[in-house]
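Notes follow the structure.
The numbers here are math on the coordinates, done by the rules we state, and not lab data. Model, not experiment: these values are computed from the prediction. Using ideal geometry, Cβ is built from the backbone for each residue, glycine included, and neighbour counts are taken over all protein chains shown.
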Amino acid sequence: MSKETEPEYQLSDIFSCTRCGFCCQGETTVSLDAKDQERMVRVLGLSREETAQQYWRITGTEVQMQVRDGHCIFYDPTQGCTVHEGRPWRCRQWPLHPSILSDESNFHTIAASCPGIKKTLSYKEFSHIFQALRQHERADEQNG
Ligand code: SF4
Ligand code: SF4
């Protein structure tokens, strides 16, 4: 019997952001690493000092975004993320966190807070597609 060819999956097979804004709420935000900081400064077109003063909360070596009215300073209820191109990698990655693949409870926790996760899929189906997408992404990176 011949081996079936793996279908080409799309991100939309497992996730499609509804722009509900839930992941931008809370009294803390994700941390920005050095590359995140550089990207944000560039996208905002401000100096690092201006960006830090207007948008960041710096605690020791930890840089986060400031919070306004219980959400990230860049979140606008009508427009969503207003720094989309300059958002940190953790915001880009969410909600497809690799920990989903190692622990089903992480999948259920994330799926419960993110309406963009396709709820019609079982954990096994979701993980299979997510894994295939990650492998595809890694292959693309290696191929330049
Ligand atoms: S919680 Fe999910 S659906 Fe809502 S904005 Fe965040 S990623 Fe999109
Ligand atoms: S940077 Fe954008 S995506 Fe990330 S928490 Fe702030 S508003 Fe949300």
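Distance between Cα centroids, the stretch 1-80 to the stretch 127-144: provide it in whole Å.
What the calculation gives is 22 Å, centre to centre.
Need one word for the stretch 26-94: rounded, prolate or oblate. Basis is the Cα gyration tensor (sqrt eigenvalues a ≥ b ≥ c); a/c below 1.5 gives rounded, then a/b vs b/c decides.
Values: a/c = 1.32, a/b = 1.18, b/c = 1.12.
Judged from the Cα gyration tensor, the stretch 26-94 comes out rounded (a/c under 1.5).
Just grab the label-to-label distance for residue 120 and residue 50, each label 7 Å out from Cα along the Cβ direction, in nm (one decimal).
About 4.8 nm, to one decimal.
What shape does the stretch 74-144 have by the C-alpha gyration tensor, where a ≥ b ≥ c are the square roots of the eigenvalues, rounded means a/c under 1.5, and otherwise prolate means a/b greater than b/c and oblate the rest?
Details: a/c = 2.38, a/b = 1.19, b/c = 2.01.
Note, shape of the stretch 74-144 comes out oblate.
Set the Förster radius R0 to 22 Å, insert the Cβ-Cβ distance between residue 9 and residue 113 as r into 1/(1 + (r/R0)^6), and round the FRET efficiency to 0.05.
Once rounded, the FRET efficiency stands at 0.40.
If each residue of separation counts as 0.36 nm, what is the full-extension length gain between residue 134 and residue 76 once their alpha-carbon separation is subtracted?
Working: separation 58, 0.36 × 58 = 20.88 nm, distance 3.03 nm.
Net length gain for the segment: 17.9 nm.
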